[in-house]
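Engineer: Pasting a structure below so you can have a look.
We did not get these values from a lab; they are worked out from the coordinates using the rules stated. The structure presented is a predicted model; accordingly, all values stated were derived computationally and were not measured. Cβ placement follows ideal geometry from the backbone for every residue including glycine, while neighbour counts extend to all protein chains displayed.
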Amino acid sequence: MTIDFTKDWRNVALLAVLLAAAFFLPSWLRFLLQTALAGGLVALGVMIQMRAGLVSFGQGLYYCIGGYAVGLLAAKAGVAEATLVIAAAVISSVVIALILGPLLSRYREIFFAMLTLAVSMILYGLLVKAATLGSTDGFNVPPVTFFGFLPAQEARGDWTYVLTALLVVVACFLIARYLASGAGALLEAVAENELRLEYLGSSARQAVYIVYVIAAAVSGLGGALAAIATGHVDPEMANWTTSGGFVFVALLAGRGSAIAPVLGFFLLELVRTYALDIAPNAWQLILGAVMLAVILLLPDGLWSLVRRAPK
Amino acid sequence: MKYLGKMLAAAASAAVLVGGIATAEQEKKPLKIGIPVFLSGAAAGPFGLPERKAAELVIDALNAGKVPAPYTKIGVNGRKIAPTFVDEAADAPTEYRALVEREKVEVVVGYTSSGKCKAIAPLAEELKAFTVFIDCGTPQIFEEIVTKPKFLFRTGPTATPDNVGAARYLVDSGIDLSRVAGINQNYAWGQDSWRDFSTSLAALGVKSKIVDKQFPKIFAGEYGAEVSSLLTSTPTVVHTSFWGGDLEAFVLQSAPRGLFARTRVVMTTGEALFPRLAKDIPEGAIVGARGPFSIFAPDTELARWFAKAYEEKYGESPTYPAWKMAQALFGVKAAYEAAGVDATPEEAAAALVGLEFEAPAGIVKMAIGNGHQAIQSIAYGVYKLGADGKPTVEKVRTYKAECVNPPNGMTSAKWIAAGFPGAKCK
Amino acid sequence: MTNQPLLVTDGLEKSFGGVVAARDISISVHAGETVAIIGANGAGKTTFVNMVTGYLTPSAGSISFRGRDITGLSPRQTARAGVRRSFQIAQIFPKLTALENIIIAEIAAEKESVGLTTPSLVRSRVEAGMALLARFGLESMAQRRTGTLPQGVRKQLDIAMAAVSNPEMILLDEPTSGVSADEKISMMDSVIAPLKSEKATVLFIEHDMDIVRRFADRVIAFYEGTILIDDGVDVVLNDAKVREFVIGGVYA
Amino acid sequence: MLKTIAILLDGLNYSAWLFLVAVGLTLIYGVMRILNIAHGAFYAIGAYSCATALGLYYSAGLPEAGAFLVMALVAVVVGMLVGLAIERGVLRHLYGQDEVLMVLITYALFLILEDSVKLIWGVESYFAFKPYAYFGFIDVGGLPYQVYDLLMVGLAVVLGVGLWIWLTRTRTGRLMTAVVADREISAAMGVNVTFIFATTFAVGTALAVVGGVATAPKIAVTPGIGVEVIILAFAVVVIGGLGSIPGAAIGALFAGYARAASVHLAPEFELFAIYAVMALVLAIRPHGLFARTDGRKI
């Protein structure tokens, strides 16, 4: 582990180049990439909390809040302006995180994992109960407009891809800046020796609170982009198995770069789309085995391979 | 192990298929159909499996030209059908795009879950891909989500007739409806089913007291407390739209405690219990099959062929999801052939609008949703175990399609609330 | 040096469910002093340090630092008030390098806001961190991952971290424990000198009387939870009771 | 009146079931500090094994009462085998990892076992309902109640008390509690920690399997039953305090009665009654009702 993220912006720049080139991928693959980018942001939210030693088994909470914020505004309130619905998604995630943060930042280890899970499951339960919101079926999200302009049906995919790619790059850049900042460095200190940090005059709870809120913001953004990409939201977004998937990606990808979880999610989705056709009932088995192997052989995730190379 | 074997078999048959095509002279381009059904998860057993079996049976028979009239022609317009099965449990929009854009299938036939159908519906229109939903209960598809469909169809009826039909059956059979209770899964399907059923009763002018409404979590499996509550609230009728393992568990837990003996229980998907629990369904239970399927199917050559071929091939009788899959495939074939020998998917889709075609379950009318949504009759009956140990129903009542479905242009909810205007029941 | 003492404790007491671990501890320490605390295991030395640095809340009594009442403050608040400590078992961030450990300490010590805007490895911090490591003779360790360093080096780093931001008072909990006998003196030299060069007031818990004699101006001897004697080095170390209960206890 | 009886009985019945599925989880956590997500998969394996074994047993035409012996045998044999295989084969190599990492490891195991179950048993449901009907029902103040359900309450009480006696009154049990208190010191004092861990894990697994075996006759054994159970079991042990057997009992009673009461009085809240109780308890007592707090030594 290191706290040195001063050069991570270069990775983000690389990501930007890759995403620009990916514009010309076949549309099904680009769509896969687009949804993976959205999910990747949530995995990124999980990853930055993991830097503080905290595993959120309920990050789907903010994924769901972001998605439903977009969905409710666009489908129920008639506000389909991309900038507004995305801003609303991020703001509502942050507000909820600001409220829950003081409670959750008291918890560590499995209690943090369990409590995040419980909160997320309460939202899941509420949404399943909400018949007006389509219960488990969720509801569809109409296409968003761009400063009042609604692209033709054929061009919508291009527009939303560009929007997603742009926001993902910006989000990764900001997260890289955060990890490189003093507050980001403290995360590692919380994970390794919280008591020492307190004796050095810094508040571990404050560091956790900050990372929790930032993770919520980026996850809310991910949920918003997912809702825009797929045009559909449902309570499954808040289910603990969804959150487990984000934990999986964060763990697999590693904590060494802001772009690791985003790329990791795409890699996973790519493997999944082929593997599911071959062995639908062995897919989780493969996932589980890979997860065990990564924990045992590459405790710092796949990104540690990238890091190790130079030196 | 089971699946490894299947995979090998599939790989082998694919190899044979490839070899076969290479040697055949000047054969027409095969018709690629993408078939998303549940291959994993709790819905795979009750839905995905029979759907997949039916699809394989029908496609093999069509390719071999062994289906009775009116479907004697080989394949579709002489083109062999090449199916691609994918798991509905995966991320639906992504898999759907992969089918249409990567696998380049001409038609997508599948989807059982309402949630998945809702997510796919706008996408089908966006990608201009001929898509036929086989099941998914929610009437919202053409009422709210895609109101001007071109490429999207559903050849299976919505859930509306299940519950309207159940209400009508109870009323027409003179069953005491003074105290009504419901137990439905706590998700969209269960909530909608209960709403349709209870509002239908009201619309039929029945003065019932709702004594208990239970909404246990889907896949809960444990219904001890709910059964107690149903017993203590002493209803005269209990309505349930449970399906799959939940329905099986509910029957296994409530029957020994005498729920069925004390009250009439109407199970809208009860027919699905027949192949495996025939001996354990309490006699007297009122069962439906979500349409004129299996035991309620008309006595036609096509129906007899389907039931017999399925039983011969798989050693069990087909449940309603299997019938619905067969129905969708015949609908696609009928549409292509109505559109002409060299029909494109667009032309086939245009031909399916408002079409009436024959399925194993009788005539299907693409009558509502601007000609994109099928309507069919519905039947209910009282369960009785036959002397030969086979499940039977008695006191069957069948309601015409126009009696239990809203007319074109009207939403189900409004139609029920308004007291079924325009319903033709005679 | 003024007459106002830097640290004053008055009648400190701590009991854990009826068991009294420390009682009636009243001391005052003036700026610039170097005070050794001696006593057998269980005599209440660490309990005293834990109370002063906020890990334990006293059951009774008060603590004031620079005239300000700091009784019952949290470790973080006492650290911010200017009282720092090191630990018997080095408390460091083992997966990070020595320099990164110091940089964390620098970030934590900074007064302003949450530090979202400044990069952690900003040049001023790196330079100050290297300078601090150099003062403690640790510059060659700057890029080494600390978890694998020898115990003595880790303890030096622990003290160096406490010395970031030049606190007015620093408490060292057994700085030489776990260090081999022949290295103890050089270890103490390498930490006391840089602390004294910044005029820190030092309290240290120590079992080795040679170390005490060499580095302390004054000695406080603890026995059974309270102060036995508090006086100059020679007076304390020659005291009959100290020789019997404290030093005897250690060397017995 | 009838409603009150129903709530009392249903709550007791549901609590007993929750205790059965949760007690192994809390035992393993208590001794080994592993929050075992794979617990749900063990439950599923128990249910499937029971259904298969009973299917074979009945098709052999043997007397119906013997089914209960088969069930007991399946629970013990399958539980011990699976538990030992996982402990010796995988977990043994991972001790000393951080608690949260252990959660992820057991999550990986859970994914693997879930699919293994599907590969072995397929996706169609299995039945083993004869034992459920075997004892018939009795009338409790006008409410017909399955005798099997009441026996399940008995089983939960017997297992709970038995476990408690084992942990507090026998040598092995006391050693286990010693390991909980301090792993290093116990090892230094010559306690065979390896043996204690293997035993604990096997017993904990067997308890999950017992839960599955006892439940199988009431349900359709389908894919995914493990996922449902693990979340409920978590809620129960978190309410009671992780690692405490009496805590699991109290947690089960809290959650069981919360659910029974909501089913009878306010069915619309049934879905999140348990989570609500859990969130409430955690907000008031952050580590559960019976939590041990381990103080940190400096």
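Engineer: Net charge near B:Phe151: determine it from the other residues with C-beta under 13 Å of the C-beta of B:Phe151, scoring Lys and Arg +1 and Asp and Glu -1.
Structural biologist: Surrounding charge for B:Phe151 is -1.
Engineer: Follow-up. Shape call for chain D from the C-alpha gyration tensor, a ≥ b ≥ c root eigenvalues: rounded (a/c under 1.5), prolate (a/b greater than b/c) or oblate?
Structural biologist: Here chain D falls in the oblate category.
Engineer: Taking the Cβ-Cβ separation of B:Glu126 and C:Val20 as r and a Förster radius of 56 Å, what is the calculated FRET efficiency to the nearest 0.05?
Structural biologist: In this case the efficiency is close to 0.15.
Engineer: How big is segment D:1-99 along each principal axis, measuring the range of its Cα positions in Å and listing the largest first?
Structural biologist: That works out to 51, 44, 16 Å along the principal axes.
Engineer: How big is the dipole moment of segment D:2-284 about its Cα centre under a simple scheme where the beta carbon of each Lys and Arg is +1, that of each Asp and Glu is -1, and everything else is neutral? Debye, nearest 20, please.
Structural biologist: The calculation lands at about 600 debye.
Engineer: Classify segment B:287-426 from the C-alpha gyration tensor, please: rounded if a/c falls under 1.5, else prolate or oblate depending on whether a/b exceeds b/c.
Structural biologist: Oblate is the answer for segment B:287-426, as a/c is 1.5 or above yet b/c matches or exceeds a/b.
Engineer: Assign one of three labels to chain B, namely rounded, prolate or oblate, based on the Cα gyration tensor with a ≥ b ≥ c the square roots of its eigenvalues; rounded applies when a/c is under 1.5, prolate when it is not and a/b is larger than b/c, and oblate otherwise.
Structural biologist: prolate
Engineer: Only Lys, Arg, Asp and Glu count, each charged at its Cβ (+1, +1, -1, -1), so figure out the dipole size of segment B:180-338 about its Cα centre, rounded to 20 debye.
Structural biologist: Using only the charged Cβ atoms, the result is roughly 380 debye.
Engineer: To the nearest 10 degrees, how steeply does helix B:114-127 sit against the main Cα axis of chain B, on a 0 to 90 scale?
Structural biologist: 30 degrees
Engineer: Still on this model: Holding the Cα-Cα limit at 23 Å, pick out from B:Lys279/B:Lys395; B:Lys148/B:Lys217; B:Lys390/D:Lys130 the pairs that are longer than that.
Structural biologist: Violating the 23 Å limit, Cα to Cα: B:Lys148/B:Lys217.
Engineer: Putting +1 on Lys and Arg Cβ atoms and -1 on Asp and Glu Cβ atoms, find which of B:Ala92, C:Pro167, D:Gly256 reaches farthest to the positive end of the dipole of the protein assembly as shown.
Structural biologist: Ranked along the dipole, the leading option is B:Ala92.
Engineer: With unit charges on the beta carbons (Lys and Arg positive, Asp and Glu negative) and the dipole taken about the Cα centre of segment A:8-308, which residue among A:Val95, A:Leu18, A:Phe149 sits farthest to the positive side?
Structural biologist: Final value for the positive-end residue is A:Val95.
Engineer: Now for a different question. Can you list the cysteines of the protein assembly as shown that have no other Cys Cβ under 4.7 Å away?
Structural biologist: Lone cysteines by the Cβ rule: A:Cys64, A:Cys172, D:Cys50.
Engineer: Where does each of A:250-262, B:243-255 land if you order them by average Cβ count within 10 Å, highest first?
Structural biologist: Final packing ranking: A:250-262, B:243-255.
Engineer: Treating cross-link reach as a plain straight distance, find the lysines whose alpha-carbon is under 17 Å from the alpha-carbon of B:Lys73, omitting any fewer than eight places away in the same chain.
Structural biologist: Straight-distance partners of B:Lys73: B:Lys28, B:Lys29, B:Lys333.
Engineer: By how many degrees, between 0 and 90 and to the nearest 10, does the Cα long axis of helix A:182-199 differ from the longest principal axis of chain A?
Structural biologist: The angle comes out at about 40 degrees.
Engineer: So what are the three principal axis dimensions of chain C from its Cα atoms, in whole Å, longest to shortest?
Structural biologist: Computed over chain C, the largest-to-smallest principal extents equal 54, 40, 39 Å.
Engineer: Work from the charge dipole of chain D (Cβ charges, +1 for Lys and Arg, -1 for Asp and Glu, about the Cα centre) and give the residue of D:Ala198, D:Leu54, D:Ile274 farthest towards its positive end.
Structural biologist: After comparing all options, I get D:Ala198.
Engineer: Continuing with this model, one more query. For the ranges B:267-275, B:210-218, D:203-211, what's the packing order if you count other beta-carbon atoms within 10 Å of each residue, average per peptide, and put the highest first?
Structural biologist: D:203-211, B:267-275, B:210-218
Engineer: How large is the helix-only mean residue ellipticity at 222 nm for the protein assembly as shown, computed as the sum of -39500 (n - 2.57) over DSSP H runs with n ≥ 4, divided by its residue count, in deg cm²/dmol to the nearest 500?
Structural biologist: The helix-only estimate for the protein assembly as shown comes to -17500 deg cm²/dmol at 222 nm.
Engineer: My understanding is that a pair violates if its Cα-Cα distance is over 32 Å; which of B:Lys32/B:Lys426; B:Lys209/B:Lys426; B:Lys128/D:Lys118; B:Lys66/B:Lys365; B:Lys118/B:Lys414 do that in this structure?
Structural biologist: Violating the 32 Å limit, Cα to Cα: B:Lys32/B:Lys426; B:Lys128/D:Lys118.
Engineer: For segment C:92-165, what value does the Rg/Rh ratio take when both radii are computed over Cα atoms and Rh is the Kirkwood radius, given to two decimals?
Structural biologist: 0.96
Engineer: Moving on to the next point. How much net charge surrounds B:Thr319 when only the other residues with a Cβ under 11 Å from the Cβ of B:Thr319 are counted, with Lys and Arg +1 and Asp and Glu -1?
Structural biologist: Local charge sum for B:Thr319: +1.
Engineer: Now for a separate question. How tilted is helix D:67-89 with respect to the longest principal axis of chain D? Cα atoms for both, answer in degrees (0 to 90, nearest 10).
Structural biologist: Value to nearest ten degrees: 30.
Engineer: For every other residue with a beta carbon closer than 13 angstrom to the beta carbon of D:Ala38, add +1 if it is Lys or Arg and -1 if Asp or Glu, then tell me the sum.
Structural biologist: Summing Lys and Arg as +1 and Asp and Glu as -1 gives -3.
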